[in-house]
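The values are calculated or read from the model by the stated rules, or taken from the named source; none is laboratory data. Keep in mind that what you see is a predicted model, and the values were worked out from it rather than measured. Here the Cβ positions follow ideal geometry from the backbone for every residue, glycine too, while neighbour counts run over all protein chains shown. With ligands, DNA and RNA removed, areas are computed over all heavy atoms of the protein, side chains included. Shrake-Rupley method; radii C 1.70, N 1.55, O 1.52, S 1.80 Å.
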Amino acid sequence: MKFSAPPASIPAPVLASAVLALLLCAPAEPAVASGTTPAARIADEPAAAGKRHRHRLTYPAHALSFGFAPFALHPRGVDWPGLNGNMSLTLRRPADYKGGPVRLTLFHQVMSDDAGEITFTVTPVTLNHGDSFETYGSVASDTVPAPMTLTILLEQSALIPPGNGFFPDGDWWYFEIRRQGSYAGPLRIMSVAIDY
C-alpha cells in the first residue's frame, strides 16, 4: 500500500491529532474466541437469577468422587444404580468469578423404563485452607418425569445463590450431589457443567 503526504492545507500535527481522536472514540469490539459469537458465549439463564452466566466449566463424570452405593465406572460415565449414595465435585474457585449465582447442570442417561420423577439436590460449600469441613443447606434441581424409555438423555440444573455456606470469596468450591424423587431406577451420569 502506498501512502502520500497529507494535503498542504492540513498541517501534519493537526491531521495526526484528528486521527488519534477518532481511534480513541471508536467503540471497542468485545474479545470473542475464534469460531464463536458473543451470543454463543452467554449461557441461557432463568430470569429469576438476575444475571446471565458468561463462563462455563465442564467435567466428565469420571472426574467426580462417588460413594456409599455400588457405583460403577462405564466408558460413557458413572452408573448410579438407585437413590442411595452421593457424588461430589471439588474445584478451585475460578479466578474470573465476580460473584452471583452459580448453575450446576447434570447431563445423564436414563437406564430403566421405570416410572417416577427425577430430582437432584446439590449441597454447595466454599472452603479455604485451614477450614473445618462442614456442609449447610442444599438446593434442588428442576424435576423431570422419567421418560420410561431406555437410554434417553436428560440434563437438569440447580441454581445456587450465594449464602448458606456458599460464599463468593472462598478459595475452593465443593458440590455434593444426591438423588431425590420417586424414580429409583439406574442413571448414568455423563458430565457436569458449572456456569457462572
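Of the GluC sites (Glu not before Pro) found in region 133-196, those that fall in a DSSP loop while having at most 13 other beta-carbon atoms within 10 Å are Glu134. For Leu73 and Leu57, the difference between the fully extended length at 0.36 nm per residue and the C-alpha to C-alpha distance is 3.6 nm. Modelled spin-label separation between Tyr136 and Asp169, with each label point placed 7 Å from Cα along the Cα-to-Cβ direction: 1.4 nm.
What the phi angles of region 163-170 give under the Karplus curve with 6.51, -1.76 and 1.60, with θ = phi - 60°, is a coupling list of x, 6, x, 10, 10, x, 9, x Hz, glycine and proline written as x.
The residues neighbouring Met148, those whose beta-carbon lies less than 9 Å from its own, together hold a net charge of -2 under the Lys/Arg +1, Asp/Glu -1 convention. At a probe radius of 1.4 angstrom, the accessible area of region 57-196 per residue rounds to 47 square angstrom. Among the chymotrypsin sites (Phe, Trp or Tyr not before Pro) within region 56-102, those in coil by DSSP and having at most 11 neighbouring Cβ atoms inside 10 Å are Phe68. Between Thr90 and Thr149, the FRET efficiency from the beta-carbon distance, with R0 = 35 Å, is close to 0.55.
Each pair of Cα atoms in region 78-196 enters the Kirkwood radius, and Stokes-Einstein at 10 °C and 1.306 mPa s then converts it into a translational diffusion coefficient of 107 µm²/s.
Applying both filters, DSSP loop and at most 11 other Cβ atoms within 10 Å, to the trypsin sites (Lys or Arg not before Pro) of region 79-182 gives Lys98. Taking amide H atoms as placed 1.01 Å from N in the peptide plane, the amide H of Ser112 lies under 5 Å from those of Thr151, each 5 or more residues away in sequence or on another chain.
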